[in-house]
1. In whole angstrom, how far apart do the alpha carbon centroids of segment 159-187 and segment 305-319 sit?
2. Which pairs, out of K113/K156; K266/K315; K281/K315; K135/K245; K235/K364, put more than 18 Å between their alpha-carbon atoms?
3. Between the helical axis of 361-373 and the dominant principal axis of the chain, each derived from Cα atoms, what acute angle in degrees is found, rounded to the nearest 10?
4. Grab every C-alpha pair in segment 129-168, bin the distances at 10 angstrom width from 0 up to the longest one, and report whole percents.
5. Calculate how steeply helix 148-161 sits against the longest principal axis of the alpha-carbon atoms of the chain, using the helix alpha-carbon long axis, and give the answer as 0 to 90 degrees to the nearest 10.
6. Antiparallel as a % of all DSSP beta bridges within the chain, to the nearest 5?
7. Give the Rg (one decimal place) followed by the Dmax (whole number) of segment 206-295, computed from C-alpha coordinates and expressed in Å.
8. Could you work out the relative contact order of segment 215-373, using alpha carbon pairs under 8 angstrom and six or more residues apart, expressed as a whole percent?
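Quick note: the coordinates plus some simple rules give every number you see, no bench work behind them. As the structure is a prediction and not an experimental result, all values here were calculated from the model. Cβ placement follows ideal geometry from the backbone for every residue including glycine, while neighbour counts extend to all protein chains displayed.
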Amino acid sequence: MIQTNSGLRSLVQSLRPITSSFSEIAAYCCYTSQAASALQQVSRPNSYSEDEYAKVDWDNLGFGITPADYMYTMKCSSDGKFEQGQLAPYGNVDLSPSAAVLNYGQGLYEGTKAYRTEDGRLLLFRLDQNATRMKMGADRLCMACPSIYQFIDAVKQTALANKRWTPPRGKGTLYIRPLLIGSGPILGLAPAPEYTFLIYASPVGNYFKEGLKPLNLYVEDEFHRATRGGAGGVKSITNYAPVLKAMARAKSRGFSDVLYLDSANKRNLEEVSSCNIFLVKGNTISTPATSGTILQGVTRRSIIEIALDHGYQVKERAIPVDELMDADEVFCTGTAVGVAPVGTITYQDRRVEYNVGEEPVSQKLYSILEGIKTGVIEDKKGWTIEI
């Protein structure tokens, strides 16, 4: 049983898991439509006071681990059904040395954030998209996965239990990390006999050390982030360690991050180590198509929809690296990075500078997106959920 104070016990009891009305979903498009209705089933907001903040230097908050109070855990065995999860104090996880995640990398993760409004309410953003993406990744890696309803409910519980760790508006966000791992022991190469769904949270500031300053990217043509037929299009934990060498080499030379090319031809843009990329030319915004090697970012999709709503032409297509030389503006998107302008890109000793001056397109789109996330702009799309 979870050990908690009376306040948290009441919270846990008031946040009963949403029961899924279906046992199987035939297509991923059904996930999103059914999850949309779940987003309307929101918890009643707590009353707000300044005393609810944790003791954190909000003005100097970087992107690192500052563990919030509680984490969420839910398990399933070989039947593929996840039992009711529970909140517990943040702490270490007990794993067998033969757990599939440790031996064969059978694991996925997601990233989402809780946003503080001006009057202290908490908003979550497009959780159905994160839940859908985890479903797709679990299918790719042969893993059992929580339902979309279970995912959304678990994130809501975690965010609300850790409300005091959500920074004041304009000071940062509460980053929430759902994990799905093969926790069951296995020796031969096979799917795990047990899976664990975990969520923890940490208050964060800007992802890049430059803060809101434009990024300086380096185009990598030796190492590759993903290959056709691989797992680059899902948020597998195995996608990220391989980029560390290229990142470290680029950062030692003064660059912010690495922009990768396709592994087949070393010709078309893919994505940055942990975010998607966009090019602007006149009224047209282009971004690499998600054709299996590129992650379908939630922020990416949101920026595309906002741009279309505001009269821009958006093209999802193969983008030759040479087009970098002629772009008016370049920017990156991701849950962690938000919308980050790119100041320069270096490719084979050619360095190109981009517009980061008066009213760049990325800033316009970023302002609208952040306004929706923080309740400043009316959410007419049903993207946010108040807890």
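1. If we compute the Cα centre of each part, the gap is 31 Å.
2. Details: K113/K156 11 Å; K266/K315 21 Å; K281/K315 11 Å; K135/K245 29 Å; K235/K364 28 Å.
From the list (K113/K156; K266/K315; K281/K315; K135/K245; K235/K364), the Cα-Cα distance tops 18 Å for K266/K315; K135/K245; K235/K364.
3. Long axis of 361-373 versus the principal axis of the chain: about 10 degrees.
4. Percent of pairs per bin, in order: 29, 39, 24, 8, 0.
5. Relative to the chain, helix 148-161 is tipped by roughly 80 degrees.
6. Values: 55 of 68 bridges.
Percentage antiparallel, nearest 5: 80.
7. 13.2, 37
8. Worked out over segment 215-373, it gives 24 percent.
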